[in-house]
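The values are calculated or read from the model by the stated rules, or taken from the named source; none is laboratory data. As the structure is a computational prediction, the values presented were derived from the model and not from experiment. In this analysis, Cβ positions are derived from the backbone assuming ideal geometry, glycine residues included, and neighbour counts consider all displayed protein chains.
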């Protein structure tokens, strides 16, 4: 009896799958996936892009921040069907071919301690710089407002942003 229930459940999942196509870190991706799979799970589990972190799961901490069509989003709140056909950039893309200037600035300015929030924070900083090449202090604070860090007190992170966009 249990085997029948499992096969019915598996059949239901297969019938509810969508063909997911996107460009992730400049690579075309094609998967068959359940439409309400969170983007963060798709990235971490299906694609092994584990730089995008899972923390709160409700869009309040920013650890899962990625760029989707150039816009900063919380990957825990975006479902596969919403990301279908999009261009997605994760922290892994910033390290190609080597350390990104934002990452270097974070290292030089002590912008991280445990590193858990760092990928999301770096993506927020990149989104800020892409939109505003010389951000004001107010713009920096606003851009980082969706990303929580429980270790550094933000001073090193803010210095890193200024190093990137004001030096």
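Tabulated data
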item	result
Selection status of residue 51, surrounded by fewer than 21 Cβ atoms within 10 Å (Cβ to Cβ), out of contact with any strand residue (DSSP E or B) (no Cβ under 9 Å at 6 or more places or on another chain) and either closer than 21 Å to residue 118 by Cβ or not assigned by TED's automatic domain parsing to the domain that holds residue 145 (or both)	yes
The range 50-82 - residue that is in contact with a helix residue (DSSP H, G or I) (Cβ under 7 Å, 6 or more places away or on another chain), touching a residue at least 60 places away in the same chain (Cβ under 8 Å) and not in a loop (DSSP other than H, G, I, E, B) and, of those, nearest to residue 26 (Cα to Cα)	67
Selection within the range 87-119 - in contact with a helix residue (DSSP H, G or I) (Cβ under 8 Å, 6 or more places away or on another chain), in a helix (DSSP H, G or I) and either surrounded by 14 or more Cβ atoms within 10 Å (Cβ to Cβ) or free of Cβ contacts under 8 Å to residues at least 12 places away in the same chain (or both)	91, 94, 101, 102, 103, 105, 106, 118, 119
Filter result (assigned to a loop (DSSP other than H, G, I, E, B) and touching a residue at least 24 places away in the same chain (Cβ under 8 Å)) within the range 149-167	149, 150, 151, 152
